[in-house]
Structures are given as C-alpha cells and as structure tokens.
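Q: Submitted below is the structure of interest, expressed as structure tokens.
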Amino acid sequence: MEDLLVPVGVLVTQGPLDITQMCVRPAAQEEKKILFYHPNEVEKNEKIRNVGLCEAIVQFTRTFSPTKPAKSLHTQKNRQFFHEPEENFWMVMVVRNPIIEKHKDGKPVYEYQEDELLDKVYSSVLQQCYSMYKLFNGTFLKAMGDGGVKVLKERLEKFFHRYLQTLHLQSCDLLDVFCGISFFPLDKMTYLKIQSFINRMEESLNIVKYTAFLYNDQLIWSGLEQDDMRILYKYLTTSLFPRHMEPELAGRDSPIRAEMPGNLQHYGRFLTGPLNLNDPEAKCRFPKIFVNTDDTYEELHLIVYKAMSAAVCFMIDASIPPTLEFCRKLDSIVGPQLTVLASDICEQYNINKRISGAEKEPQFKFIYFNHMNLAEKSTIHMRKTPSVSLASVHPDLMKILGDINSDFSRADEDEEIIVKAMSDYWVVGKKSDQRELYVILNQKNANLIEVNEEVKKLCATQFNNIFFLD
C-alpha cells in the first residue's frame, strides 16, 4: 500500500509505522517560516498549508492553557507531536498510526489502530532529535548569530538528512522515554584504577577539559553534566560504536604488558580522528560538540579512543586544533595503559561472574530507571543489531508499561500499579523516591499476594541496597 504522508516535514519509510513529517520553523511569514521540511519534494503550497495548520493548532490550544501549549494531536490516520525547544522555534513530527488489513465482501479494508502509539514515547523521540542536533551544532539561535537563516537552514538540512534515517520508530518504547545510561558494575579497586588512569591522562594531556570512560558500551565515569552525558552516551552507543564493531581479541586476559621494558605494543586506536598515525598527511579532524549550552556554552573537540572493550572520550577546547603530534602523544601514552586496564576490567568482571554463579532464566523481566543519576537497567531488551535494542516481550505488554509510566508522570507521590494482562502475564510498576521499577511476570495462576511477594524477592536480590517503599 502507498505510504500516506501528512503535515510538516516528511520521512517515508517502509513498514507499519512511519515518520510522516518533520519540520523546524520560527514565527515568520508564510514560506519563510519553514526552516526544514522532510521530505523536501513535497509541493510548496502543501508545505505552507501544513505548517499553517500546525500553527493554528498550537495557537488554539493556548487559549485553554497559555503556559502549556499542545504537545500532540490525535487523528484517525496520524499523530502529530509538537515541541518548542527554543523560544519561537517549533519542531513538529507526524507519525502514521499502525494499519491492520481486513477483508470485507472480498475486498481489503484498512483499519487504523488509533490507540497503539504512546504520546510519551514519540514526544521523547522528538525532544531527543533536538538534543542530538544541539550536541553537534549548538542552539538554533547560535546558528542564526553565526550567519542568519541561511546558515541555520544548511545545518538543519545537513544534520537531519542523515539523522532521521537512523530512527527506528517500530522499536521505540519506554527506554526512549527515559533516555538513561547503562552503568558498568565494578568493584571498588578496579574503579579506583580507572579514576587514577583518568587523573594521569588529564595531567599528561593538559589540554583535556572533560573525560568519559566506558566499557562494553556501559558508562563507568564521566566529567560531563548529566544531560550532556546522556545524549553523548546515546550517540556513542547507537551510532559511533556500532560503526566500529570489531571481533573481541582472543587472549585479552593476558595482553602484552605495557610496563615491560622496551615493549609498547597495545591495542589502542582512534574511533574519531586520524586513521593512520604513520601517515604524515593524516587529517586530525575531530567532531565538534557543544555542552553546557544553557550556561557557559562550551565548544569542544570529541576524541574517542578505544582499546579492546574499553573506550575513553577526551574533550578538548575547540579553539585548540589537535595536531598530528598531539594525536601520536595521546596514542603512545593512552594506548598501552588503556590496553592493560581493559584486560584488568575483563578479568575482574569474569571473576565476579564466576562467584555469582551461572544465571538461570528468571521467571520475570524488568526495567529499572533512576531519575537522579539516569541509571537504567533492562532484562527485557536484547540487542538485535548493533544500533537497535528490541524488546523480548509482546508489544501489548510494552504498551502496558508505557501506560503505567504515563500514570506515574501525572502523580507526584510514590505509588504501585499491578495489572493482569489478557495474555495472563502480570505487569507491576513501582515508583519510589525518584526511582521506577517495571516487572513482567509469567505466572498464570498467581494471585495478587503471590505476585507482590515475587516482586519483593526481585527487589531483595537485584536491588538489595535500593530502598523501595512497600
């Protein structure tokens, strides 16, 4: 069936769920209001008509709520999502409702599933679109100051043309609402080794302003503000790292030690920057990122260096151009030490795994999120491709989790919700002291008391040092 695309910027993808439109615009006159519209081939008058409709919706809803204009609009075929990231700049995304094909009198009839999409999920996706743009380009106002509307349009086109193609709307769920960070569990001694390594590196490479350390795509340490780190973490784990996937090195538990005299062999390499340090013509180009945009507005070079499963991000002031000499110095200092450190982390992780014993398949799956440090953990999601994590449970259960989360966001006090699904699964949501826990239990004949006891056991085993109200 032909994809139907609607108001405001459009990306057409195959499948039951499409971004139908995306645009960014300020308050101005007619066509001049449109800063970005995807797909661009939509006829000019239709663009103007669609943008005018969105503007009318926002203005109309302000009549009832002057401080909180509309966030979304539901129609039979689509959902429209509105976001004002900066004053007088609006982003709008239109997503098609899923379709079910039925037959009536021998003819196909298409029925739109109007209640399948969760506003919270796709509103979060739209907000992350802006956050990711801002990470690499700065604010819209910054672009306007650099060269007016022309520069802003060029930056929007260059960024969103590629970024929209990376959105996997079919797999968006509760984790996109949280946009959290997965932390790597470490013992105190190994954590201190990493802290000592970072301190030594920042002292040796004195132009480094911020550092972040990750292992197995999980964060261990960061010097950035939380909101900046959460969007950088999303970029690293869904875009940069997957592009540089490599087979794990065999024998990594006993790499060649850097401290052996005269032996500087290591497994370090740049993920951003020069590909070949021995090439005198090698280009030392690093992506620029913008952090603390609400305060000091810092522009930085992002240097990502990896050895085996350990990756370290060095951020230096953008006014200091990194030279090939600096990159060689960084490689010679960081490479050997990071290789040894990666081996130590792996060794400690394997020891801890052996002590805890082989994990049995539990009767429950859970998602945990902490609003204070953005920590998230999920046993529901599995990585299908390098950049996409898919839920391992039925979409109906994921929708129930989303509905529970929406209820939690409307209430300030702590609460617990227990739901019995049509498929006989039990779904439990607990909100306590800025933490949220969602559990899916496969216990067909259990009652409320038994389900409650199972959740208590889970909290005791998985979150024994975290306080959940009973």
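Q: Among the residues of the stretch 79-103 satisfying the criterion of being under 24 Å from the mean Cα position of the chain (by Cα) and among the polar types (S, T, N, Q), which is surrounded by the fewest Cβ atoms within 10 Å (Cβ to Cβ)?
A: Only one residue tops the list, namely N97.
Q: Could you list, in sequence order, all residues of the stretch 105-152 that are farther than 17 Å from E87 by Cα and charged (D, E, K, R)?
A: Those that are farther than 17 Å from E87 by Cα and charged (D, E, K, R): D105, K107, E111, E114, D115, E116, D119, K120, D146, K150.
Yes/no matrix, rows are residues, columns are (1) touching a Leu at 6+ places or on another chain (Cβ under 9 Å); (2) open to solvent by less than 70 Å² (accessible area, probe 1.4 Å):
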residue	(1), (2)
Y112	no, yes
L118	yes, yes
Y122	yes, yes
L135	yes, yes
G147	no, yes
K153	yes, no
L167	yes, yes
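Q: Would you check which residues across the stretch 422-452 are under 21 Å from F369 (Cα atoms) and exposed (fewer than 12 other Cβ atoms within 10 Å of the Cβ) and list them?
A: Matches in the stretch 422-452: Q434 only.
Q: On to the next question. Starting from the stretch 210-229, keep only residues that are assigned by the TED database to the domain that holds K134, then list their pairs with residues that are crowded, with 20+ Cβ neighbours inside 10 Å and not in a strand (DSSP E or B) whose Cβ atoms are within a distance under 6 Å, requiring at least 6 positions of separation or different chains.
A: none
Q: Given the structure, is R49 open to solvent by 50 Å² or more (accessible area, probe 1.4 Å), over 27 Å from the mean Cα position of the chain (by Cα), closer than 15 Å to V94 by Cβ and of a type outside the set (F, W, Y)?
A: yes
Q: Further question: Condition first: modelled with pLDDT of 90 or more and of a type in the set (S, T, N, Q). Now tell me which residues in the stretch 111-161 satisfy that.
A: Residues satisfying the conditions are S123, S124, Q127, Q128, S131, N137, T139.
Q: How do the helices (runs of 4 or more DSSP H) wholly within the stretch 147-249 filter down when requiring 2 or more residues that are under 23 Å from I345 (Cβ atoms) and among the polar types (S, T, N, Q): which remain?
A: 188-204
Q: What are the residue pairs meeting all of these: first residue in the stretch 101-120, first residue free of Cβ contacts under 8 Å to residues at least 12 places away in the same chain, second residue acidic (D, E), Cβ atoms under 6 Å, and 6 or more apart or on different chains?
A: Between residues of the stretch 101-120 that are free of Cβ contacts under 8 Å to residues at least 12 places away in the same chain and residues that are acidic (D, E), the close pairs are K102/E111; P108/E101.
Q: For the stretch 255-278, does any single residue satisfy the condition of being modelled with pLDDT of 80 or more, closer than 20 Å to P322 by Cα and part of a helix (DSSP H, G or I)?
A: Scanning the stretch 255-278 turns up no residue that is modelled with pLDDT of 80 or more, closer than 20 Å to P322 by Cα and part of a helix (DSSP H, G or I).
Q: In the stretch 60-71, how many are closer than 18 Å to F89 by Cβ and either open to solvent by less than 100 Å² (accessible area, probe 1.4 Å) or among the β-branched types (V, I, T) (or both)?
A: 5
The values are calculated or read from the model by the stated rules, or taken from the named source; none is laboratory data. Just so you know, these numbers come straight off a predicted model, no measurement behind them. No Cβ is skipped: glycine too gets one built from the backbone with ideal geometry, and neighbour counts run over all protein chains shown. Accessible surface areas use protein heavy atoms only, side chains included; no ligands, DNA or RNA. Shrake-Rupley method; radii C 1.70, N 1.55, O 1.52, S 1.80 Å.
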